[in-house]
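Scroll down for the structure; my scribbles are underneath it.
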Amino acid sequence: MERIRKRQQEPSTVRMNPSRRTPHAPPKIKKPVPNWHHLVRPPMSDLNPRKSYLERAMDDDLKELRVCMDLFLDAKMNEAEAMLLTAHKPESMYYQFGRALVHALRAILTFHPDEIEKAMRSFDETLKIANKQRKTSAVIGLGTVKAFGSWVIGTVGGGSFRGMTRMEKHAELVYAEATVLRAGFSILYHQDFWSLLEETVSLRSAFAIFNGLKSHFDMVEQELKAGGDITEHYLDEHLVTGLIFAVSLFNIVISFLPDTVIKLLQFVGFSAERDWGQALLNTAGEWDPNAGPDNEIEFQERLNSPTNIGIRRQICDLAPIAIHLIAASFLPFRNVDYAFAERINEYNLHKYPGSMVFQFLKGRHAQVNTRLDDAIAIYEGIKVQPEWRNLTHVCVFEQLMCAMMESDYDLACTKSRVLLRESNWTKTIFRYLAAITTMRRGLSKEAKRVPELMKKVEPGMQKFCGIEVFPETYCARKANRYLNEGGRLLLPDYDFLVLWNGFETMPLKSLRVALSNIMIEVERLDNLLPASMLAISGMPLPKSGYTLEATSGILSAFLSGVHTLTKADKLPNYDQFYDDYCIAYYLLGLVAKNIAFFPEEPFDADMCTLAVKAFKTVFRYAPYIKDDTYSYYFSHYNLGLILMNQGELDQAEEKFKYLLNTVNVTLIGLPALVAGKGRNSLEILILAKAHAAMFLLNEDRERMRHSTSDYDGSLNRAASTSTSISSSSSSANTNVRAHAYGNSQTNGNGLSGAMAGLSVNNRTTTTLTFAASSSDLTSKVSAMNRAKAVPQIYHHFPVVDTNGQS
C-alpha cells in the first residue's frame, strides 16, 4: 500500500492514446481544390428558340428523377422503381440510365447471372441513346495520331467541350458514367482475365471524357476570373456533382494501387492524388471538415442550398462517409474524422429519415466507435420494403461481425444462418461462417451440422476475372483443414475477424476477453511444443529476422542457419502444428497491440512489448509453417505499424517494403506474397494494407522534412533514452494466468518468455516507473526535453524497444 501511495504522489508519466474524435490537422494538398459551384448559371429559357426539344425534355426528366432519387433514398424503393419502369421515354438517356441503375442494383442483390446480363443490356441501351446525343467531333474524328495522343495523355482537351451545347455535355457525362458501370458488370459477368483487359480500354476512354470535361471547367473558371461572361457555357449542378464524383473517385481509388501500377496509369493520363480527391468530394455539399457543427441558421441554409438540385448530390455525400467509416476500417488512413462523417450523415438522415443507406451508416459510425450494442440495435431496426429485403443483408452481416467480436455465439449463429438461407452473394463464406459460429457455440445437438457445412464450403467458390476471390479461398482452405485434421480448427472466429479488421473496432472489454481466450490456446500449444524445439525460443533472431524466402528449400534453410525439422520436432496426428502455433501468437500480438494503442486510454507499454515479442515468436517459427503463411506476413505489417507509431520510419519502411517486394513469378510478376513457401490466402489484403501504410509513411517523412531539419538526430536521441518499462511489478498485479507465465525459471520459452518481465493485471493497464537514482531521473528528463524536436504526431507513445532479442 505504501508503494501505491508513493506512486500516486509521483508526477504522472502516462501518455494517453489519441481519441477517435480528435480533430486532425488538414492535409497539405499539393494543388488548389476547385469549387465549381460558382460556375453554375441558369439554364436557357424554354422560350428561347435555340433550346432544342430534347434539352427541354431533359430538364423535365432531371426534375422527375430528382424526385425518384429522393424516394429511393427514403426507402420508398417500389415507388421509385415504378416511376422509372412505367414511363415511356425511349429518347431519354437519363430515364434509361435510371432503369439501368435499378437493374444493376437488382443484379448486385441477387448475384444471378441473368440479372447481371439484364443490367449489362440496360447499360448498352443507355450508351446507345447517349451516343446519339453526343457531339460527333467531341471524342472521335480527331485524326488517328491526335486521337492516339489524346488517349495516352489522358484528355481530349477542354476545347472539345467549348462548342458543345448543354445537352451534349450531359450526353458526354452519362456516356462516360455508363461506360464505367458497364465495364464493371462485364468483368463480373465474364469473370475472366481477358475481359478485365478489354474493359480497361473502356475505362480509359471514360476517364478521357471526365478529364476533358474537367479541363473545360478549368477553362471556364479562368474565363470568369478574367472578367468574361460564362453564361453561354450553361454549366449546371447536375454536371458539377457528376464531375466531382467521377474525378475524385478516380483519384482516390487509383491511389490505393501498388506504386508500379500507379506509375503505369499516370503515364497514360490517370492521376492518383488521394487528399485532393477527398477535398474535391467535400465541395459537392460545401462541407468543411475543419468547421464545427452547423447552427440552426446554417443548417436551414444548407437544406435550401441550390447545390441540392444536383441529381448526384447525395452520391457525393455517400462517398466521404464511406471513406471515413468503412474504407478507413480496412486500410490505414491518416485524416480519418468520424465526427465529420457523422455530420454529413445526420444531415442526410434529416432529409431522408427512413433511409436504409444512411441508417446503415449511422450503425457503422457506432460500430467503428466500438459501441457494438448500439450498432447491433441500429442494424436490427432498419426496415425496407419486402421486395428489397436483400438490401438488409449487409446489415445482417455487420450484426454477425459485431456478435463475433463480443463472443455472442447465439446471435452469431442466428445471423449467419439468415445469410446462408437468403443471400446469394457468397455461399462459400456464409457456409463457413455458419459452421464456425455453430462450432464455437458448442451445442452437442448441433455437432453433426459443422462437418456437413464444411464439406459444402469449397464447392461453392466463385471466380472473379478468372481469379479466386481471396476471402473465399481463405474459407475453403480453413474448411479443408477442419476436415483433414479431424475437426480441429484454432480460434476460427478470431481468425476470421482478421479479414474484417474486427479487432480495430472491438471495445476494450472485448479485447481483454479475446486476450484471455487466446492466452489459453497459446498456453496449450506451448505445452505441446516438442522439447527439441524449446531451444529455438532462446536463440536470437538474425538482425533482419528470418524470412520465408531465405528459408525455403533445404539448401536455403541450411545457409540461413534455420533449424531443420526432424521426426522428434513433429507432433503425431498434428501435421500443421506450427501453423496453429504461429496463428495463435499472431492473434496474441494483434490483440495486445490494439490494447496498447486503444483510443482515449493510457498507452500500455507492457501490451506493446508483448505484441512485439509475440510477432517475433511468429518470425522464429515461421520457417516451419506449411500453409497459413499469412500470420507471418501480417506480423511484419503490424510490427511496422508499431514502429511507425514510435517514429521509427526507416525500420517501418523496411517491413512494408519487404511485403511489397515479395513477388510470385508464376503470376506474371504480380505481387502474391506466397514466397515459395506455403500458401497465403490473404495476399491481396496484406498488399493493400502495406501499400496504404507506405503512403502514410511517406506523408510523415515529408511532414518531418518540412517541420525540422534535425529530425533524425532528435529521434535517435529520444529513442535511446526512452521511458523504461518496469520489469519487477508486484506479484499481486499479475492476475492473468500468472501461475503459468510468471515463473522466472521458464523465461525464454513460449508464452512464458514473451510474458517475462511484464506486469499484466486484471485491467491490463500499465505502471511506468522511473529508476530511483537522481542521475537516472535527470537523464530521463533530459531525454524528454530532447524529444521535443520529434514531430507532434509521435508524442502520444513512449518508445518501446523493438530491437531486443527475445
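Each value in this text was obtained by applying a stated rule to the coordinates, not by laboratory testing. These figures come from a predicted structure and were not determined experimentally. We place every Cβ from the backbone using ideal geometry, glycine too, and count neighbours over all the protein chains shown.
Here are some notes:
- Rounded if a/c under 1.5, otherwise prolate or oblate - region 45-90, Cα gyration tensor axes: oblate
- Cβ crowding within 10 Å averaged over residues, with 347-355, 393-401 ranked highest first: 393-401, 347-355
- Lys/Arg +1, Asp/Glu -1 at C-beta; region 36-310 dipole; positive extreme among HIS238, LEU213, LEU101: LEU213
- Whether region 36-310 is rounded, prolate or oblate, judged on the alpha carbon gyration tensor where a/c under 1.5 counts as rounded: rounded
- Derived scalar couplings ³J(HN,Hα) [region 520-529; Karplus, 6.51 cos²θ - 1.76 cosθ + 1.60; whole Hz; x for Gly, Pro]: 4, 5, 5, 4, 4, 5, 4, 5, 8, 4
- Fewest-first sequence of LYS76, LYS383 by Cβ atoms within 10 Å of each Cβ: LYS383, LYS76
- J(HN,Hα) series, region 364-371, from Karplus relation 6.51 cos²θ - 1.76 cosθ + 1.60, nearest Hz, glycine and proline x: 5, 4, 5, 5, 5, 8, 6, 8
- Computed log₁₀ I(q)/I(0) - Debye formula, equal Cα scatterers, no solvent, region 362-409, q 0.18 Å⁻¹: -0.51
- The listed peptides 216-227, 281-292, ordered by packing as a protection proxy, come out as 281-292, 216-227 (highest mean of other Cβ atoms within 10 Å first).
- Residues whose amide H lies under 5 Å from that of PHE603, counting only those 5 or more places away or on a different chain, are ARG15, MET16, ASN17; hydrogens are built 1.01 Å from N in the peptide plane.
- Across region 415-517, the mean sequence separation of Cα contacts (distance under 8 Å, 6 or more residues apart), normalised by length, yields a relative contact order of 23 percent.
- Karplus-derived HN-Hα couplings along region 278-295 (A = 6.51, B = -1.76, C = 1.60, θ = phi - 60°), whole Hz, x at Gly and Pro: 5, 5, 5, 4, 5, 6, 4, x, 6, 8, 10, x, 8, 8, x, x, 5, 7
- Neighbour counts of other Cβ atoms within 10 Å put LYS118, LYS362, LYS128 in the fewest-to-most order LYS128, LYS118, LYS362.
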